[in-house]
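As structure tokens, the structure follows; a few thoughts come after it.
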Amino acid sequence: MPLKFIIPPLKSTISAALQAKIDQKTKPQGSLGQLESLALHIGRIQNNLTPQLNKPCILIFAGDHGIVDAGVSAYPQAVTAQMVVNFLAGGAAISIFARQHNIDLLIVDAGVNADFDNHPKLIDAKIRKGSQNFLNNAAMSAEECSKALQAGAGQVFRQYQSGCNCIGFGEMGIGNSSSAAVLMHRLTGLSLVRCVGRGTGLNDGQLQHKVTVLQRALNLHKGATEPLSILATFGGFEIAMMVGAYLKAAELGMIILVDGFIACTALLVAHKLYPQVLDYCIFSHISSEQGHQALLHQFNAKPLLNLGLRLGEGSGIAIAYPLLQSAIMFLNEMATFAEAGVDH
């Protein structure tokens with residue numbers, strides 16, 4: 001069903017040389033803390049003692065979800081399309097943060113229930129105008145899921161061809177926290193209550209309704225047990241495209257910056273298919289969504305930031321990106337003890 005990917009594990013042969021280079025800088029060993037492990041990780045991904053960040057890019061995948069009809073979101077479905085317009089107009093949080101740090105931002109219409117005017121930053125990859133309501137039917141067919149995986153991979157390859165070697169994925173889709181919660185539950189075995197969050201800001205009663213609806217859907221689709229069938233049954237087009245995007249970026253040896261709960265759930269699917277995808281991932285932040293915290297634990301991940309974010313859009317990626325720049329710059333430009341004539 002999916003594209004086949006070849007994702008090699010990172011080579012360990014350069015690790016000792018990278019660590020020695022880090023330790024020879026004019027500082028006590030380990031004194032730059034997580035920046036040192038970050039520099040080591042980036043150097044290993046690129047298998048290079050002088051790694052570089054070229055043409056960083058964030059792709060926001062947008063799609064609508066039929067499960068919204070069951071009342072699982074505090075916002076109407078129309079907000080997905082409205083936010084896409086906001087992204088394109090430069091008025092969203094991610095738009096501002098991407099401008100601030102000179103990160104290219106592109107919006108991919110994976111399956112929004114609307115039509116958009118042409119825009120240089122908008123990519124039309126629409127599979128269909130929204131997924132099906134998985135309370136009644138599978139969210140997408142196996143064929144649609146495969147098309148979404150291929151489309152996500154294709155978008156990453158285009159960025160790679162343009163010279164990008166550092167990429168991150170954001171998302172927009174009213175109802176996608178419901179998809180993410182069910183995917184997480186079915187793929188990890190954690191309790192549904194542990195996986196479900198307040199999403200766009202549900203109150204206690206709405207949250208309980210969300211849990212009840214999602215449990216009914218799980219009971220209906222007990223036969224979906226393999227990663228791709230789970231994705232097709234409960235996912236969204238934007239989530240499926242992100243899965244393909246993660247896998248292609250890893251295959252191409254790109255640095256992958258990971259955002260919050262929805263983005264990590266897409267990564268969970270990718271990880272179940274190709275575990276070595278995690279080697280290429282840098283986790284930008286830990287959000288206030290309980291499901292995200294549990295996923296990071298599953299990945300044994302050490303995120304760069306803890307700011308209480310829960311916005312999505314790739315916002316955590318853009319905010320964390322300067323830390324990668326700092327890690328690269330100290331590795332490449334900071335003087336060694338010998339160069340500076342400093343005793344140690």
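All of the numbers you see were taken from the coordinates with simple rules; none came from a lab. Since we're looking at a predicted model, the values are computed, not measured. Cβ atoms come from the backbone with ideal geometry, glycine included; neighbour counts cover every protein chain shown.
In sequence order, segment 104-117 has phi-based couplings of 5, 10, 10, 10, 10, 7, 7, x, 7, 7, 6, 10, 10, 5 Hz under the Karplus curve 6.51 cos²θ - 1.76 cosθ + 1.60, θ = phi - 60°, and Gly or Pro positions carry x.
If Lys and Arg each add +1 and Asp and Glu each add -1, what is the summed charge of the other residues whose beta carbon sits under 15 Å from the beta carbon of residue 189? Neighbour charge sum, excluding residue 189 itself: +3. If the elastic network links every pair of Cα atoms under 10 Å, which of 322, 51, 120 fluctuates the most in the Gaussian network model of the chain? So, out of 322, 51, 120, the one fluctuating most is 120. Which of the listed residues, 125, 262, 278, is farthest toward the dipole's positive end in the chain, when Lys, Arg count +1 and Asp, Glu count -1 at the beta-carbon? The residue sitting most towards the positive pole is 278. Nearest 10 degrees, 0 to 90: what angle lies between the long axis of helix 261-273 and the longest principal axis of the chain (Cα atoms)? That helix lies at roughly 80 degrees to the long axis. With respect to the chain, whose longest principal axis is taken over its alpha-carbon atoms, helix 142-161 is tilted by about 30°. What fraction, in whole percent, of alpha-carbon pairs in segment 57-322 exceed 24 Å separation? Counting every Cα pair in segment 57-322, those more than 24 Å apart make up 40 percent. Only helices enter the 222 nm calculation for the chain: every DSSP H run of n ≥ 4 contributes -39,500 (n - 2.57), and dividing by all residues gives -15000 deg cm²/dmol, rounded to 500. All Cα-Cα separations within segment 58-155 were binned at 10 Å from zero, giving a P(r) of 15, 43, 33, 9, 0, each value a whole percent of the pairs. Exposure proxy ranking for 146, 12, 179, based on other Cβ atoms within 10 angstrom of each Cβ and starting from the fewest, stands as 12, 146, 179.
Simple rule: put +1 on each Lys or Arg Cβ and -1 on each Asp or Glu Cβ in the chain, find the dipole, and look at 87, 42, 247; the Cα lying farthest toward the positive end is 247. Counting neighbouring beta carbons within 10 Å and listing from fewest to most, the residues 299, 234, 337 come out as 337, 299, 234.
Holding the Cα-Cα limit at 27 Å, pick out from 129/210; 4/302; 11/272 the pairs that are longer than that. From the list (129/210; 4/302; 11/272), the Cα-Cα distance tops 27 Å for 4/302.
Placing a label point 7 Å from the Cα of residue 74 along the Cα-to-Cβ direction, the residues of segment 233-267 whose backbone N falls under 18 Å from that point are 261-262. Among 61, 157, 330, the largest mean-square fluctuation in a Gaussian network model of the chain, built with springs joining Cα atoms closer than 10 Å, belongs to 330. The residues 222, 210, 126, when put in order of fewest to most other Cβ atoms within 10 Å, stand as 222, 126, 210. Amide hydrogen proximity for residue 127: with H placed 1.01 Å from N in the peptide plane, the residues at 5 or more positions away or on another chain lying under 5 Å are 111. Note on residue 334/residue 121: beta-carbon distance plugged into 1/(1 + (r/R0)^6) with R0 of 30 Å gives a FRET efficiency of 0.25.
Scalar couplings 3J(HN,Hα) for segment 197-205, obtained by applying the Karplus form with A = 6.51, B = -1.76, C = 1.60 to θ = phi - 60°, are x, 7, x, 7, x, 6, 7, 4, x Hz; x denotes Gly and Pro.
Helix 78-89 versus the longest principal axis of the chain: what angle, 0 to 90°, nearest 10, using Cα atoms? Taking the Cα atoms of the chain, the angle to 78-89 is about 30 degrees.
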